[in-house]
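**Q** Let me give you the structure first, and then I'll get to my questions.
Just so it is clear, none of the values below were taken in a lab; they were calculated from the coordinates. What you are looking at is a predicted structure, and each value in this text was computed from that prediction instead of being measured. Note that each Cβ is placed from the backbone with ideal geometry, even for glycine, and that neighbours are counted across all protein chains shown.
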Amino acid sequence: MQKAPYHVFRSRLSNGLRLVTIETPHLHTATLSLYVRAGSRYETPVENGLSHFVEHMLFRGSSQFPDSLALNRAIEDLGGTLYAETGRDYSLYQIPLRAGDIARGMEILGDLFSTPAFRDIDLERQIILEEILEDLDESGRNVNVDDLSRSMAWDKHPLGFPITGPLKNVRRFRDADVRRHFDRFYGAANMVLCVAGPLKHKRVETWARAAFTKVPKGTRRRPTAPRASGPGPRFRSVYNESAQAQVQLVFHALPETDPDYQALRALIRILDDGMSTRLHYQICDQKGLAYSVAGSLHSYHDAALLEIDAACAQAKLPELVRESLAILTRFRDEPVSDEELGKAKHRFLNDLESCYDDLDSLAGWFGGTELFYRPRSQEQRAKEFDRVRPAHIQRVARRVIRPERLNVAVVGSMSASLTKKVSTIVKDFQ
């Protein structure tokens with residue numbers, strides 16, 4: 001592959017904040033990202049939703065900025081926009097900026113994470129409640145198929161909690177809860193600051209020391225070890241009046257540290273990486289069971305889920321589930337062709353090299369991954385993937401595509417007989 005045109009540097013500030021700078025002299029823009037080990041995975045049932053709540057409340061200003069308007073105006077005056085998201089095992093705050101404005105962007109973020117105001121909690125609460133209502137039906141049941149499949153796969157483990165939390169929690173949270181959660185998770189030792197752009201690490205380090213010096217050290221938080229639900233296959237359906245049924249087939253897979261992980265990544269690419277790969281071609285082009293279908297791998301440093309996600313007419317659901325399982329079973333029964341694997345390797349290499357011009361991707365890999373372990377170089381990743389052989393993919397398929405690892409969640413207006421038919425297909429999977 002092409003030699004990477006960037007260089008990655010790391011250092012640690014006196015308060016424990018890890019700093020990653022990705023020097024990209026070939027580009028003209030920059031991005032500032034702060035990654036935090038805070039998300040629904042770190043919560044208890046009574047705390048569920050607090051990480052997401054804190055993310056929202058951080059937009060309400062700080063000591064320098066009296067309200068959300070002043071904060072957002074300061075960032076937007078620089079030409080950037082503050083983007084934030086909460087995941088199951090991380091939270092992200094990111095501002096794309098011109099390289100010359102990164103120092104000021106750091107000052108703003110440093111003040112925000114040193115002296116957050118947490119004003120207008122009741123107003124922000126209403127916004128979050130509206131967000132949660134998007135996933136509920138008229139009876140108040142969660143009809144988000146992603147939340148449903150995760151709660152099945154992880155049972156009562158926090159990885160199965162909804163990121164936004166339940167309505168009852170969000171209605172109950174008070175200022176003290178928000179501040180306690182912030183103090184617990186937003187210490188410097190629990191965060192990674194990443195800057196990608198045409199900037200030198202030493203200069204970035206000087207700005208970071210000045211901007212984040214008031215952030216307390218805190219403690220690096222450890223997530224609860226993953227615990228899968230009981231042995232499958234497991235099936236659950238939720239009735240929801242809709243024209244289509246939404247379905248997710250989820251297998252417990254392998255963490256990023258497993259020796260077979262690269263073979264698993266190759267399997268996913270052969271399954272679904274373009275319109276000529278097995279999943280789209282069979283489900284959509286050849287059988288017309290759905291307009292679109294997606295296969296993906298949701299990975300953590302110590303766990304993973306292999307997922308097929310689709311929406312289809314209610315009557316087509318049994319055949320879609322049966323055909324999806326048959327496509328996956330084929331990986332166990334016979335080696336993939338050299339042609340398919342070669343294509344997957346070529347596209348993987350193309351994706352790696354396209355990251356050279358994508359600051360968000362570079363920051364996500366080198367900054368986000370740093371929260372959990374030292375990320376490998378793109379060259380190392382390319383070599384690891386290139387070593388995958390058809391036999392490796394068949395071996396990992398036999399480890400993962402197993403009935404005891406399977407969870408299937410469906411949301412739609414299926415009749416009792418249709419639901420039973422799908423349930424039987426799932427239960428009979430071998």
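**Q** Using per-residue counts of other Cβ atoms within 10 Å, averaged over each peptide, order 190-201, 296-307, 368-379 from highest down. Show your work: numbers first, answer last.
**A** Details: 190-201: 23.4, 296-307: 19.0, 368-379: 15.9.
Ranking the peptides 190-201, 296-307, 368-379 by packing returns 190-201, 296-307, 368-379.
**Q** May I pose another question? Just the C-alpha atoms of the range 45-95: what Rg/Rh do they give, with Rh taken as the Kirkwood radius? Numbers along the way, then the final one.
**A** Working: Rg = 12.5 Å, Rh = 12.0 Å.
Looking at the range 45-95, the ratio lands at 1.04.
**Q** Where the convex hull is taken over the Cα atoms of the range 126-250, what is its projected area averaged over directions, in nm²?
**A** On the way: hull surface 49.5 nm².
So the mean shadow area of the Cα hull is 12.4 nm².
**Q** Using θ = phi - 60° and the Karplus curve 6.51 cos²θ - 1.76 cosθ + 1.60, what whole-Hz ³J(HN,Hα) does each residue of the range 219-228 get, with Gly and Pro shown as x?
**A** Each residue of the range 219-228 in turn: 10, 6, 8, 10, x, 5, 4, x, 9, 6 Hz.
**Q** Convert each backbone phi in the range 324-339 into a coupling constant with the Karplus relation 6.51 cos²θ - 1.76 cosθ + 1.60 (shift: θ = phi - 60°), then list the ³J(HN,Hα) values in order as whole Hz, x for Gly and Pro.
**A** 4, 5, 5, 4, 5, 4, 4, 4, 6, 7, 8, x, 5, 6, 4, 5
**Q** Also, I was wondering about something else. State, as an integer percentage, the relative contact order of the range 51-131 based on alpha-carbon contacts under 8 Å between residues 6 or more apart. Each step should come with its number before you reach the end.
**A** On the way: 89 pairs, mean separation 31.4, N = 81.
It comes to 39 percent, rounded to a whole number.
**Q** Something else now. Given 0.36 nm per residue, what is the gain on full extension from E339 to D122 after removing their alpha carbon distance, in nm? Show your work: numbers first, answer last.
**A** Working: separation 217, 0.36 × 217 = 78.12 nm, distance 5.76 nm.
Computed gain between E339 and D122 is 72.4 nm.
**Q** Expressed as an acute angle from 0 to 90° and rounded to the nearest 10, what is the orientation of the C-alpha long axis of helix 145-154 relative to the principal long axis of the chain?
**A** For 145-154 against the chain, the angle is about 90 degrees.
**Q** Output ³J(HN,Hα) for the range 288-300: one whole-Hz value per residue in order, computed from phi by the Karplus curve 6.51 cos²θ - 1.76 cosθ + 1.60 with θ = phi - 60°, and x for Gly and Pro.
**A** Coupling constants for the range 288-300: x, 7, 7, 6, 8, 8, 9, x, 8, 10, 9, 10, 10 Hz.
**Q** Could you work out the Rg to Rh ratio of the range 228-328, with Rh taken as the Kirkwood radius (inverse of the mean 1/r over all Cα pairs)?
**A** On the way: Rg = 14.3 Å, Rh = 14.5 Å.
We get a ratio of 0.99 for the range 228-328.
**Q** Return one number: the angle in degrees, 0 to 90 and rounded to the nearest 10, between the long axis of the Cα atoms of helix 261-271 and the longest principal axis of the Cα atoms of the chain.
**A** Rounded to the nearest ten degrees, it is 60.
**Q** Would you indicate which of (i) 32.7; (ii) 20.7; (iii) 24.2 is the value of mean projected area of the Cα convex hull in nm² derived from the coordinates of this structure?
**A** Read-out from the structure maps to (ii).
**Q** Roughly speaking, what is the centre-to-centre gap between the range 31-54 and the range 178-213 when only Cα atoms are used, to the nearest Å?
**A** Using only Cα atoms to place each centre, the spacing works out to 17 Å.
**Q** Okay, helix-only estimate at 222 nm for the chain: each DSSP H run of n ≥ 4 adds -39500 (n - 2.57), divide by all residues, round to 500 deg cm²/dmol; what do you get?
**A** Working: 15 runs with 165 residues, N = 430.
Calculated mean residue ellipticity at 222 nm is -11500 deg cm²/dmol.
**Q** Once you sort the root eigenvalues of the Cα gyration tensor of the range 197-255 as a ≥ b ≥ c, which label holds: rounded (a/c under 1.5), prolate (a/b larger than b/c) or oblate (the other case)?
**A** Details: a/c = 3.30, a/b = 2.34, b/c = 1.41.
Judged from the Cα gyration tensor, the range 197-255 comes out prolate (a/c at least 1.5, a/b above b/c).
**Q** Please work out the Cα center distance from the range 361-430 to the range 226-284, rounded to the nearest Å.
**A** Taking the Cα centre of the range 226-284 as reference, the centre of the range 361-430 is 5 Å away.
**Q** Amide H to amide H, which residues 5 or more places from S62 or on other chains are under 5 Å from it, using H placed in the peptide plane?
**A** Amide H neighbours of S62, under 5 Å, 5+ apart: D67, A117.
**Q** Okay, moving on. log₁₀ I(q)/I(0) of the range 71-163 at q = 0.18, 0.25 Å⁻¹, via Debye over equal Cα point scatterers, no solvent, to two decimals?
**A** The calculated log intensity ratios at q = 0.18, 0.25 Å⁻¹ are -0.97, -1.27.
**Q** Hey, another quick one. Ratio to report: Rg/Rh of the range 122-165, with Cα atoms as the point set and Rh obtained by the Kirkwood method; give two decimals.
**A** On the way: Rg = 11.5 Å, Rh = 11.2 Å.
Taking Rg over the Kirkwood Rh, I get 1.03.
**Q** Treat each spin label as a single point 7 Å out from the Cα along the C-beta direction, and report the D183 to K168 distance in nm.
**A** 2.7 nm
**Q** Rounded to whole Å and ordered largest first, report the semi-axes of the equivalent ellipsoid of the range 356-418 derived from its Cα gyration tensor (root of 5λ). Please report the intermediate quantities before stating the final value.
**A** Numbers: eigenvalues 249, 94, 27 Å².
Ellipsoid semi-axes (Å, largest first): 35, 22, 12.
**Q** Report, in degrees rounded to the nearest 10, the 0 to 90 angle that the Cα long axis of helix 201-212 makes with the longest principal axis of the chain.
**A** Approximately 80 degrees, to the nearest ten.
**Q** At R398 and H298, where each label point lies 7 Å from the Cα along Cα→Cβ, what is the point-to-point distance in nanometres?
**A** 2.9 nm
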